[in-house]
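K.L.:
My questions all concern the structure below.
Just so it is clear, none of the values below were taken in a lab; they were calculated from the coordinates. The structure presented is a predicted model; accordingly, all values stated were derived computationally and were not measured. Cβ coordinates were reconstructed from backbone atoms using ideal geometry, including for glycine residues, and neighbour counts include every protein chain displayed.
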């Protein structure tokens, strides 16, 4: 796939199924000095729970998807506007919304497809594989481990369809994963600062 005019190579996506250590890794990379965005789905769930809303993945999936699109677009803009010129880690990206809709058997609205196709991130996308030893549920993560595996499988389908190369994260300690991501950024992107 050719680069689009809106490609923003400093936006680095980390995706995968829930409970695979993705956010823990992003938190550690942020502590090491990298910028980051927040995961849209978790933010929407927190907000909806706080206000007693129903735009939740277990209540109103279409409303949830609409709010996720708004949040992902905001995260994309904020990531592009982040200070400095180093990488910005994105806890998921717009193609994740395509994956969510596919996973739930919901139609793909044209604006979601267009956003995922046209608003580009760095071509390498880190993907966290399922990891049963660390998987756990919480108030925002209600999926079973089997659903988490299926989410990973769908993301592994969707991202290449939008022209991204998947970079599987190793199953290792947080420090090992931090080292892996930083080395890959230095090797492939030229955006290894700070």
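K.L.:
Take peptides 73-86, 36-49 and line them up by average Cβ neighbours within 10 Å, highest first, as a rough protection proxy.
P.N.:
The peptides rank, most packed first, as 36-49, 73-86.
K.L.:
Under a 10 Å cutoff between Cα atoms, tell me which one of 27, 124, 175 has the largest fluctuation in the Gaussian network model of the chain.
P.N.:
Looking only at 27, 124, 175, the biggest GNM fluctuation is shown by 175.
K.L.:
Between residue 63 and residue 183, what is the spin-label point distance in nm, taking each point 7 Å from the Cα along the Cα→C-beta axis?
P.N.:
With each label placed 7 Å out from Cα toward Cβ, I get 4.7 nm.
K.L.:
Using the beta-carbon distance between residue 113 and residue 46 and R0 = 35 Å, what value does 1/(1 + (r/R0)^6) give for FRET efficiency, to the nearest 0.05?
P.N.:
Rounded to the nearest 0.05, the efficiency is 0.85.
K.L.:
Between the stretch 56-90 and the stretch 19-55, how many Å separate their Cα centres?
P.N.:
The distance from the Cα centre of the stretch 56-90 to that of the stretch 19-55 comes to 10 Å.
K.L.:
Return the distance in nm (one decimal) between the two label points of a simple spin-label model at residue 134 and residue 150, each offset 7 Å from Cα along Cα→Cβ.
P.N.:
Inter-label distance under the simple model: 2.4 nm.
K.L.:
Rounded to the nearest 500, what is the chain's calculated 222 nm mean residue ellipticity when only DSSP H runs of at least 4 contribute -39500 (n - 2.57) each, over all residues?
P.N.:
Numbers: 7 runs with 94 residues, N = 194.
So the calculated ellipticity at 222 nm is -15500 deg cm²/dmol.
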